[in-house]
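Below is one structure, written out as structure tokens, with a few remarks after it.
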Amino acid sequence: MDLRHCVIPAAGLGTRFLPATKAVPKELLPVLDRPVIQWAVEEAVAAGATDIVLVLAEGKEAIANHLLPDPPLERLLEERGKRRELEAVRHAGHLANVTVVYQAEPNGLGDAVLCAADVVGERPFMCMLPDDLSVGAKPALTQLWEAHERHGRGPIIALMRVPREDISRYGCADVDLTEGRDHHVRGLVEKPKPADAKSDLAVMGRYVLTPDVFDALRATPPGALGEVQLTDGIARLIGSRDIWGVEFEGRLLDVGTPAGWLQTNLQLASDDGEFSPAVHAAPVREAV
């Protein structure tokens, strides 16, 4: 089946950003001229998604509102002749079809993905965490979808090599066959101790998943942190189908922590013709 859906879990409380996220979801914090959630949806659309499934917590509806048309605002901007702003607002509101589902309580990434089962149905789908921005000639999700078609249309996970001492922050892939940047996965462990890790290949927040993952997640008990982990659910499919991981080309820039968000803004601004002057020669106003 052709791709339609991309599931974006965004139900977290954003506690690392408090008090900035007390009233504003972290997914709406700006990176340059648009919020984090728009960067994520633009990557999904570039990879072929037409339908976005946002997994939210109650009270985070503003995330979805940013991605919906706003006719009163568009009329106001048009009346005032603000063409650039009008096009930007229209672009954000017409990127994709948006469906919202709710995660009743924070019970892990696997549980969040399972909340989207009824919307996705019996189709392969993409899934991404918006805490990292994909930067490169070809978005990471696009590379994963190409691998999905290359390897029999099975599940694909994004992989990146990390220092061994950092592997406990991630899911870890055990692989038994490598073809270029593609790795056949024979095992997955969520947040292993460095001494127990089978490789330095960390699972990053990009996936192409098949609908049988939903039954696997329903059967997955709480794991690391007492939550239902997506990595554990995918691991249950090993043996019944081939799972591949892709060392994607390009970079993922962190926007899930205050320091990472600031560094990402500075890095992207430095490379942007419009914003780079502000980075290199920021105006200073002094009292006299």
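Of everything in region 109-159, what is of a type in the set (Lys, Arg) and touching a helix residue (DSSP H, G or I) at 6+ places or on another chain (Cβ under 9 Å)? Give them in sequence order.
From region 109-159, those of a type in the set (Lys, Arg) are 123, 138, 150, 153; that's our starting set.
Within region 109-159, just Lys138 meets the criteria.
Can you pull out the residues in region 124-139 that are small (Gly, Ala, Ser), in contact with a strand residue (DSSP E or B) (Cβ under 7 Å, 6 or more places away or on another chain) and either modelled with pLDDT of 95 or more or surrounded by fewer than 20 Cβ atoms within 10 Å (Cβ to Cβ) (or both)? First the steps, then the outcome.
Filtering region 124-139 for residues small (Gly, Ala, Ser) gives 134, 136-137.
Right, trim to in contact with a strand residue (DSSP E or B) (Cβ under 7 Å, 6 or more places away or on another chain) and you get 134, 136.
Answer for region 124-139, where residues must be small (Gly, Ala, Ser), in contact with a strand residue (DSSP E or B) (Cβ under 7 Å, 6 or more places away or on another chain) and either modelled with pLDDT of 95 or more or surrounded by fewer than 20 Cβ atoms within 10 Å (Cβ to Cβ) (or both): just Gly136.
Please identify the pairs in which a residue from region 189-203 that is among the acidic types (Asp, Glu) and modelled with pLDDT under 90 has its Cβ atom under 7 Å from the Cβ atom of a residue that is part of a strand (DSSP E or B) and surrounded by 21 or more Cβ atoms within 10 Å (Cβ to Cβ), counting only partners at least 6 apart or on another chain.
Glu190/Gly171
Say we look at region 1-16 and pick out the residues that are buried (at least 17 other Cβ atoms within 10 Å of the Cβ) and out of contact with any Phe, Trp or Tyr (no Cβ under 8 Å at 6 or more places or on another chain); which of these is nearest to Asp111 (Cα to Cα)? Talk me through it step by step, then tell me what you get.
Here is the first cut: in region 1-16, the ones buried (at least 17 other Cβ atoms within 10 Å of the Cβ) are 3-12, 14.
With out of contact with any Phe, Trp or Tyr (no Cβ under 8 Å at 6 or more places or on another chain) added as a condition, the list becomes 8-10, 12, 14.
Details: Ile8: 13, Pro9: 10, Ala10: 12, Gly12: 12, Gly14: 18 Å.
Across region 1-16, the extreme among qualifying residues is Pro9.
Of the residues Val100, Val119, which single one is modelled with pLDDT of 95 or more, of a type in the set (Val, Ile, Thr) and out of contact with any His (no Cβ under 8 Å at 6 or more places or on another chain)? Spell out the reasoning first.
Numbers: Val119 fails: out of contact with any His (no Cβ under 8 Å at 6 or more places or on another chain).
Only one candidate qualifies: Val100.
Quick one: which residue in Val208, Val213, Val185 is more than 20 Å from the chain's Cα centre (by Cα), among the β-branched types (Val, Ile, Thr) and crowded, with 22+ Cβ neighbours inside 10 Å? Please lay out each step first, then the result.
Details: Val208 fails: more than 20 Å from the chain's Cα centre (by Cα); Val213 fails: more than 20 Å from the chain's Cα centre (by Cα).
Selected residue: Val185, the only one of Val208, Val213, Val185 that is more than 20 Å from the chain's Cα centre (by Cα), among the β-branched types (Val, Ile, Thr) and crowded, with 22+ Cβ neighbours inside 10 Å.
Only residues that are assigned to a helix (DSSP H, G or I), under 14 Å from the mean Cα position of the chain (by Cα) and acidic (Asp, Glu): list them for region 108-136, please.
none
If you take the residues of region 15-39 that are among the β-branched types (Val, Ile, Thr) and in contact with a Leu (Cβ under 8 Å, 6 or more places away or on another chain), which of them is farthest from Pro139 (Cα to Cα)? Even if it seems obvious, please write down each step before you answer.
Taking region 15-39 and keeping what is among the β-branched types (Val, Ile, Thr), we get 15, 21, 24, 31, 36-37.
Right, trim to in contact with a Leu (Cβ under 8 Å, 6 or more places away or on another chain) and you get 21, 31, 36-37.
Working: Thr21: 28, Val31: 17, Val36: 15, Ile37: 15 Å.
Result: Thr21.
Go through (1) assigned to a helix (DSSP H, G or I); (2) crowded, with 16+ Cβ neighbours inside 10 Å one by one and return the number of the condition Asn65 breaks.
For Asn65, the exception is condition (2).
Tell me, please, whether a residue that is crowded, with 18+ Cβ neighbours inside 10 Å, out of contact with any Gly (no Cβ under 6 Å at 6 or more places or on another chain) and among the charged types (D, E, K, R) can be found in region 105-123.
yes
For the condition closer than 13 Å to Arg206 by Cβ and in contact (Cβ under 8 Å) with a residue 12 or more places away in the chain, what is the one hit in Leu133, Leu95?
Values: Leu95 fails: closer than 13 Å to Arg206 by Cβ.
Being closer than 13 Å to Arg206 by Cβ and in contact (Cβ under 8 Å) with a residue 12 or more places away in the chain holds for just one of Leu133, Leu95, which is Leu133.
For region 148-159, which residues satisfy the criterion of being aliphatic (A, V, I, L, M) and either within 14 Å of the chain's Cα centre (by Cα) or at pLDDT below 95 (or both)? It would help to see each step written out before you state the result.
First pass over region 148-159, keeping only residues aliphatic (A, V, I, L, M): 156-159.
Once the filter is applied, which keeps residues that are aliphatic (A, V, I, L, M) and either within 14 Å of the chain's Cα centre (by Cα) or at pLDDT below 95 (or both), region 148-159 yields Ile157, Ala158, Leu159.
Of the conditions (1) at pLDDT below 95; (2) assigned to a loop (DSSP other than H, G, I, E, B), Leu95 satisfies every one except a single condition; which number is it?
The one condition Leu95 does not meet is (1).
Go through (1) crowded, with 17+ Cβ neighbours inside 10 Å; (2) within 25 Å of Thr142 (Cβ to Cβ); (3) not charged (D, E, K, R) and name the single condition Ala46 misses.
That leaves (1) as the condition not met.
From the list Val189, Val162, Val98, Val175, pick out the single residue that is of a type outside the set (Lys, Arg) and closer than 24 Å to Lys26 by Cα. Outline the logic, then answer.
On the way: Val189 fails: closer than 24 Å to Lys26 by Cα; Val162 fails: closer than 24 Å to Lys26 by Cα; Val175 fails: closer than 24 Å to Lys26 by Cα.
Only one candidate passes the filter, namely Val98.
Could you please give the count of residues in region 240-277 that are of a type in the set (Phe, Trp, Tyr) and more than 22 Å from Met128 (Cα to Cα)? Before the answer, list the steps.
Within region 240-277, the subset of a type in the set (Phe, Trp, Tyr) is 244, 248, 261, 275.
Within this subset, residues satisfying the condition of being more than 22 Å from Met128 (Cα to Cα) are 275.
The number of residues fulfilling the criteria is 1.
Any idea which residue in region 246-280 is nearest to Thr142 (Cα to Cα), counting only those that are among the small types (Gly, Ala, Ser) and within 17 Å of the chain's Cα centre (by Cα)? Walk me through how you get there before you give the answer.
The initial filter retains those residues of region 246-280 that are among the small types (Gly, Ala, Ser), namely 250, 256, 259-260, 269-270, 273, 276, 278.
Those left that are additionally within 17 Å of the chain's Cα centre (by Cα): 250, 256, 260.
Numbers: Gly250: 12, Gly256: 22, Gly260: 24 Å.
Once the filter is applied, the top-ranked residue is Gly250.
The values are calculated or read from the model by the stated rules, or taken from the named source; none is laboratory data. Just so we're clear, the structure is a prediction, and the values are computed from it rather than from any experiment. Using ideal geometry, Cβ is built from the backbone for each residue, glycine included, and neighbour counts are taken over all protein chains shown.
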